[in-house]
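One structure is given here, and the rest of the page talks about it.
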Amino acid sequence: MGTSLRAAFDRELEAIGQDTLRLQGMVDRAIERAVESLKQRDRALAGEVIAGDQEVNDLRFKIEEDCLALIATQQPTATDLRAVIAIMNVAVEMERMADHAAGIAKTVLRMGDQPLLKPLIDIPKMAELGRQMLRASVEALLARDADRARAVAARDDEMDELYFAVFDELVEIMAHKPDTVERATYLLWCAHNLERIGDRVTNIAERAVFITTGAMKELNIKRDEGG
Amino acid sequence: MGEQRPQPKFRVRDLNFYYGQFQALKGVSIDIQPRQITALIGPSGCGKSTFLRCLNRMNDTIPGTRLEGQVLLEGQDIYAHEVDLTVLRQRVGMVFQKPNPFPQSVFDNVAFGPRVLGMIRGREQAEGVVEAALREVGLWDTLKDMLEEDALSLSLGDQQRLCIARVIATRPEVILMDEPCSALDPVATLQVEELMHTLKRDYTIVIVTHNMQQAARVSDRTGLFWLGELIEFGDTARIFTHPRLKRTEDYISGRMG
């Protein structure tokens, strides 16, 4: 006999947690490969990232369906119920993050053969930061670690600083050389996608806090939202 | 290659059952898969317990009853003339609503079936069987020093698990459970449910329950009986997330008129 009386629920939630980790791994790779395709101007790789989005969508729906079935069959309450609801939300956030990665890959395809406007420095940093934050937020969620979740959310400020640095730099270039506007805009789109990934990590962190405390609270008010 | 389903443990076809003039079951057809938990739900008087009792011919003892159709246990018609009822009930054991241990010791309760069926001889063999069965139901550590105690002195939850041990001591293939938790408190109920989960590794379980949430929690497949008919049957997760019939939805949502 299991130690918990809700062993059946625990087993099934554990399986959904494993799927959540798997989804995080898929999104992580999508971000990595999307930015790699940008760096290397590798259109084949960009195409793979776009095609791979379907697999992410499928797993997101599986997680949602499994959560629904778990609620319907095991009648979770309190922390258990919050955990299931939180994971459903987080699966949606991650699926959207993969859409952002696919957005970068689509931009790579649009860029065609035009050379990069400038060497990439901050954009790969944003990607690396986003991936680290994503991993940490999902780990905090599954470990029910609210402190760690808050720490992850705080790192979104770093992401925003990087984004505004890229933004300011590209606007500067465009102002001086109008013929660079198209290429600069492409890079701006990529940076914007990464910045949105940071926002979605913050949402995951909020859900991790929600599981342990029951509080629904925004963890990071953004400077461009007048916070 | 198509999906290979194992041969069903029970294959029931067009089963009709009558108490005198009253038809309690109407054209019930169902396949019960091995090593799964199949839950049968439905309002009182819908036929679910009658159906359960058809699976090991417990209704035979009720005068004025009549059965049509087929009940195949691994392909064999259990209502055929040559069927030995003792063997059938050893293969298809039953646990009842109220724990019903014999007014004997814990040990003798568990050893009863194997002794009657001639499966064991002597104290030593009996000890092995009793220990194995009590371990399987998670009672050994609690009861190993109380084997000579009166079984009726146990808590109701432990009595019910003892009754399950008494059934599995005879090495059945199928365990039928008729409202096995309705006399138990929530903790004992969850213990029995978790026990069912471990038992399904070795046994096929069919449970009748009034408690829809219990059916949802424990079973792999759920069937809804309504006025003697099996109106919907399928994977439990599907039944409780998107049932096909409005009537099923109303029943599981507590909106049945």
Calculate for the protein assembly as shown the 222 nm mean residue ellipticity that helices alone would give, adding -39,500 (n - 2.57) per DSSP H run of length 4 or more and normalising by residue count, nearest 500 deg cm²/dmol. -19000 deg cm²/dmol
In a Gaussian network model of chain A with springs linking alpha carbons closer than 10 Å, the residue among A:Gly198, A:Gly103, A:Gly130 that fluctuates most is A:Gly103
Exposed trypsin sites (Lys or Arg not before Pro) absent - longest run of chain B, DSSP non-H/G/I/E/B, at most 16 other C-beta within 10 Å: B:36-120
For a quick check, take a GNM of chain B with Cα springs below 10 Å and name the residue from B:Ile205, B:Ile175, B:Ile120 with the largest mean-square fluctuation. B:Ile120
Using Cα-only point scatterers and the Debye equation, what is log10 of I(q)/I(0) for region A:7-225 at each q in 0.09, 0.15 Å⁻¹, rounded to two decimals? -0.38, -0.92
Pairs over 25 Å Cα to Cα, from B:Lys9/B:Lys246; B:Lys9/B:Lys48; B:Lys200/B:Lys246; B:Lys48/B:Lys246; B:Lys48/B:Lys200; B:Lys26/B:Lys246, come to B:Lys9/B:Lys246; B:Lys200/B:Lys246
Take a quick pass over region A:7-225 and tell me how many lysine pairs come in under 21 angstrom between Cα atoms, counting only ones 8 or more apart or on separate chains. 7
Would you mind telling me the antiparallel percentage of the DSSP bridges in chain B, rounded to 5? 60
Provide the net charge surrounding B:Ala188, with neighbours chosen by a C-beta distance below 12 Å and charges set as Lys +1, Arg +1, Asp -1, Glu -1. -3
Once both axes come from the Cα atoms, what is the angle between helix B:186-199 and the longest principal axis of chain B, in degrees from 0 to 90, rounded to 10? 90
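Read the figures in this text as sums done on the coordinates, not as results from a lab. What you see is a predicted model; the values in this text were computed from it and never measured. As a convention, Cβ positions derive from the backbone with ideal geometry for all residues, glycine included, and neighbour counts pool all protein chains shown.
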